[in-house]
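A quick write-up on the structure given underneath.
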Amino acid sequence: MLEGVESGIPATADNEKIYGGVATAERPGGTQPKLCIRHVSKSFKSVNGSAYVLEDINLEIREGEFVCIVGPSGCGKTTLLNIVAGLEKADSGEVWSNGHKVNGAGTDRVVIFQEAALFPWLNVVKNVEFGLKLKGINAKQRRETAIQYLKMVHLSKFQKAHIHELSGGMKQRVAIARALAMNPEMLLMDEPFSALDAQTRWILHFELQNIWLKTKKTIMFVTHNIREAVCLADRIVMLSTTPGRVKKEFQIELPRPRDDNDINVAEYSTKIMKELKSEITKVMQCEMDADSCVECDIKCTSVIPEKIDMGGGI
Amino acid sequence: MRNVAKRVVFFLMLIGVWELVYLCGIWPEYVLPSPVSVGKTLVGGFQNRTLLIGIGISMKRIAIGYGISIGIGIFLGIVIARFRILEDTLGALISGLQTLPTICWLPLALLWFGLNDRAIIFLVIMGAVLSIAIATDSGVKNVPSLYIRAAKTMGAKGWRLYLEVIIPAALPHIIIGMKQGWSFAWRSLMAGELLIVCLGLGHLMMIGRELNDMSQVIAVMIVIIIIGIVVDRLFFVKVEKRIRERWGLTKS
Ligand SMILES: Nc1ncnc2c1ncn2[C@@H]1O[C@H](COP(=O)(O)OP(=O)(O)OP(=O)(O)O)[C@@H](O)[C@H]1O
Ligand SMILES: [Mg+2]
């Protein structure tokens, strides 16, 4: 009944290559990955030294692929997405987007944040036009493009509305239109629907899938909601926690558009959830009784002297 | 509506008491004129256009001075927020100067510019510019980083990032500084016009004093108060409310 093939291969360098080979065979034309994350490590300075948040992340995303990144809270999903976006710098390793090395933010990778991040001093259509204006596109043309994408998210009626007059779901749709209007190579989405209620999220899952089917954008979508990931993704990448590593990958091969409440989606979610549980338990232990659980403490802070080069092999 | 009614009744009563005290005849006309003669002076001043010209000249001065303050103030605020070294030096200087009453700039203005318009405009600028600079500095520092990150991924950088994102995002702070700056500017304009005799509303008051025409003095005072109220209540309070609402800062 379940068509999906689970490929629970730990992401050591070798296995990843095998995996990459499988992936390219599946989709002809995807010889060069759209996004290439190579040996990315990142640590943050904390009171007790510098704790690794991401350690040797390797990931490839093919053109037109919809990849969801899941993992327990605090495992570094947002950090990874920010590094890909160029909003944060990795300590070591590199990110290649469309054959170019990522070195700062760029309009080929537009981010959609958890809060819509729309500009309240502009109305809806001017928000959508924002990036086009910066690109130097003339007023008439950018208005046309903006309306076109507002239509895609079914909000063209609200083009003159002010941001504070929109609901949370509408704001996120405007943010999606604003990102799509830039015609980026990739969309990077960081839990864009997590602040919304279940019904709105359900609608937006449909809309996003339809948009994706229409535009064939490459999407990297961070979420902690497994069901959301199963509903949306071609492939789910699960990160482990402290330090964040690619723990497992799952190929989801259900017909689209998928429904959150579909039995197959539910079954898949349960299966992946089981995998995640062990990670979550680990986090819970760390966060809840970090004071009492000494053994866990050692594991979870994973304080590494800065001199040791963890990003080796580059 | 009830508030308006309360106020109208209050002011009518105030005028009534004033008229009563006047009728008692304790003070001579040149110390306490009747409300009626003040009213006549007001109407007469508008009819022979002396008051209108006075208002026009004062408003022109404040428009120039205040306009320049907005430009300089926002620029200073941004560079202070942007460069750490300027924050520690120029920022400290500006906070220090802020404690200095604007009228203390008068001697300096007289020596630099002489007894003329430019000295008055200088006073107006000194009155408003510091408040606007300080407010802009704190506004820029408080811009949600989310806006900046979103703008960056859409290709905003350099001065366009400031023009299109940071300044508008800081507007709720900047408008507070502009409001405060306005009231300082208005005060220093009047101080300047009273002391540097060259037309304007302040000058009209001084003429009233020289002619022992108390009703003219009071009439001009009323005009000054009304302009102050109109700009503060009808303009700034409204604009500030509108901005806070749009920027989603009002609690509903
Ligand atoms: N600027 C920072 N300074 C110090 N530590 C940070 C910083 N940003 C993130 N961290 C730490 O890095 C870890 C990963 O953070 P990140 O936001 O990437 O997690 P996440 O997977 O997105 O979590 P969530 O699902 O809750 O959003 C956290 O433990 C967090 O405390
Ligand atoms: Mg996050």
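Quick rundown of the values:
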{"quantity": "Set of lysines near A:Lys171 by C-alpha distance (under 16 Å), chain-local residues within fewer than 8 positions excluded", "calculated": "A:Lys126, A:Lys151, A:Lys157, A:Lys160"}
{"quantity": "Whole-number percent relative contact order across the range B:59-198, with pairs defined as alpha carbons under 8 Å at least 6 apart", "calculated": "36 percent"}
{"quantity": "Residue with peak Gaussian network fluctuation, chain B [Cα springs, cutoff 10 Å], from B:Gly202, B:Gly158, B:Gly39", "calculated": "B:Gly158"}
{"quantity": "Sparse-neighbourhood loop sites, trypsin sites (Lys or Arg not before Pro) in the range B:103-159 - DSSP loop, at most 12 other Cβ within 10 angstrom", "calculated": "B:Lys157"}
{"quantity": "Against the rule of thumb 2.2 N^0.38 Å, how large the Cα Rg of the range A:115-244 comes out", "calculated": "1.09"}
{"quantity": "B:Trp18, A:Trp121, A:Trp202, reordered so the largest accessible area comes first (probe 1.4 Å)", "calculated": "A:Trp202, B:Trp18, A:Trp121"}
{"quantity": "Within a Gaussian network of chain B (alpha carbon springs, distance under 10 Å), most fluctuating of B:Met13, B:Met190, B:Met205", "calculated": "B:Met13"}
{"quantity": "Solvent-accessible area of A:Cys75 with every protein chain in place, 1.4 Å probe, in Å² to the nearest 10", "calculated": "0 Å²"}
{"quantity": "Residue order for B:Ser145, B:Ser58 - accessible surface, 1.4 angstrom probe, largest first", "calculated": "B:Ser145, B:Ser58"}
{"quantity": "Evaluated over chain B, the Cα radius of gyration and Dmax, each in Å", "calculated": "22.3, 76"}
{"quantity": "Bins of 20 Å, starting at 0 and running to the largest distance - Cα pair percent for the protein assembly as shown", "calculated": "17, 37, 25, 15, 5, 0"}
{"quantity": "Of the DSSP H helices in chain B, those whose Cα atoms cover at least 24 Å axially and whose Kyte score averages 1.0 or more", "calculated": "B:2-24, B:50-82, B:117-141"}
{"quantity": "Per residue Cα convex hull volume in Å³ - calculated over the range B:1-118", "calculated": "228 Å³"}
{"quantity": "Chain B: most fluctuating residue of B:Val124, B:Val197, B:Val21 per GNM, C-alpha cutoff 10 Å", "calculated": "B:Val21"}
{"quantity": "Pairs of Cα atoms farther than 24 Å apart, the range B:59-198, %", "calculated": "35 percent"}
{"quantity": "The range A:141-210 versus the range B:192-221: alpha-carbon centroid distance in Å", "calculated": "61 Å"}
{"quantity": "Interface area, B with A, accessible, probe 1.4 Å, both sides summed, Å² nearest 100", "calculated": "2100 Å²"}
{"quantity": "In Å², nearest 10: area of A:His154 left accessible to a 1.4 Å probe", "calculated": "120 Å²"}
{"quantity": "Separation between Cα centres of the range B:1-59 and the range A:218-278, rounded to whole Å", "calculated": "77 Å"}
{"quantity": "Accessible-area value, B:Arg82, 1.4 Å probe, nucleic acids and ligands omitted, Å²", "calculated": "130 Å²"}
{"quantity": "Probe 1.4 Å, all protein chains present, accessible-area order of B:Leu249, B:Leu90, A:Leu118, largest first", "calculated": "B:Leu249, B:Leu90, A:Leu118"}
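The values are calculated or read from the model by the stated rules, or taken from the named source; none is laboratory data. Quick caveat: nothing in here was measured; it's all calculated off a predicted structure. Note: ideal-geometry Cβ built from the backbone for every residue, glycine included; neighbour counts use all protein chains shown. Heavy atoms of the whole protein, side chains included, go into the accessibility calculation; ligands, DNA and RNA do not. Shrake-Rupley method; radii C 1.70, N 1.55, O 1.52, S 1.80 Å.
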